[in-house]
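A short write-up of the structure that comes next.
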Amino acid sequence: MAILVDTNVLLRAVQPESAMHRTAVAALVALMERREELVVAMQNIAEFWNTATRPVSSNGLGFSIEEAWSSLEKLEEFFGVLTESPRSYQLWKSLVIEQRVQGVQVHDARLAAVMKAHDIRQVLTFNSADFTRYPGLEVIHPASLVNHER
């Protein structure tokens, strides 16, 4: 069964200076060694591009277009990209009403809807609380996959 990799994990994986870099990379390696199918949604790609190309002074990574493109191409080597559909849109509409989603939380609701449309039940994320509100989704924190005895 596939696991959706959240944007925050993708960003930390390409950011060696981040305190969470080693954990993100180690978690992804652990899942790849287990031969798990890792996927991202188009939403993750857009969020990644947004943060990667935003200036560091505005809480971004400050990548040039070329650097962001290169990173994106590398990500596509490891992760399948999920598309949205009329079904994911209908699921999203249901989720935002049922779960009373507001503001920036709509992005995670969109990911949850795409996951449900593709029958994906697990998400790898540093922001566990963002997905616990959605029934049927299991949150995996990257630190839970890392062998701390190394």
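Could you list, in sequence order, all residues of region 115-139 that are surrounded by 20 or more Cβ atoms within 10 Å (Cβ to Cβ) and touching a strand residue (DSSP E or B) at 6+ places or on another chain (Cβ under 7 Å)?
Matches in region 115-139: 115, 120, 123, 124, 125, 131.
Go through (1) under 21 Å from residue 4 (Cα atoms); (2) at pLDDT 95 or above and name the single condition residue 73 misses.
Tallying (1) under 21 Å from residue 4 (Cα atoms); (2) at pLDDT 95 or above, residue 73 fails exactly one: (2).
Got a sec? Which of 1, 32 is loosely packed, with under 13 Cβ neighbours inside 10 Å and closer than 18 Å to residue 131 by Cβ?
1
Where in region 48-150 are there helices (runs of 4 or more DSSP H), lying wholly inside it, with at least 3 residues that are more than 28 Å from residue 19 (Cβ to Cβ) and without any contact (Cβ under 8 Å) to a residue 40 or more places away in the chain?
In region 48-150, 86-98, 106-117 are the helices (runs of 4 or more DSSP H) which contain 3 or more residues that are more than 28 Å from residue 19 (Cβ to Cβ) and without any contact (Cβ under 8 Å) to a residue 40 or more places away in the chain.
Name every residue in region 53-68 that is of a type in the set (A, V, I, L, M, F, W, C) and surrounded by 14 or more Cβ atoms within 10 Å (Cβ to Cβ), in order of residue number.
Scanning region 53-68 gives 61, 63, 68.
Quick one: residue 21 ticks every box in (1) of a type outside the set (A, V, I, L, M, F, W, C); (2) surrounded by fewer than 15 Cβ atoms within 10 Å (Cβ to Cβ); (3) without any contact (Cβ under 8 Å) to a residue 12 or more places away in the chain except a single one, so which number is it?
Evaluating residue 21 over (1) of a type outside the set (A, V, I, L, M, F, W, C); (2) surrounded by fewer than 15 Cβ atoms within 10 Å (Cβ to Cβ); (3) without any contact (Cβ under 8 Å) to a residue 12 or more places away in the chain leaves (2) as the failure.
The values are calculated or read from the model by the stated rules, or taken from the named source; none is laboratory data. This one's a predicted model, so the numbers in the text were calculated from it and none came from an experiment. No Cβ is skipped: glycine too gets one built from the backbone with ideal geometry, and neighbour counts run over all protein chains shown.
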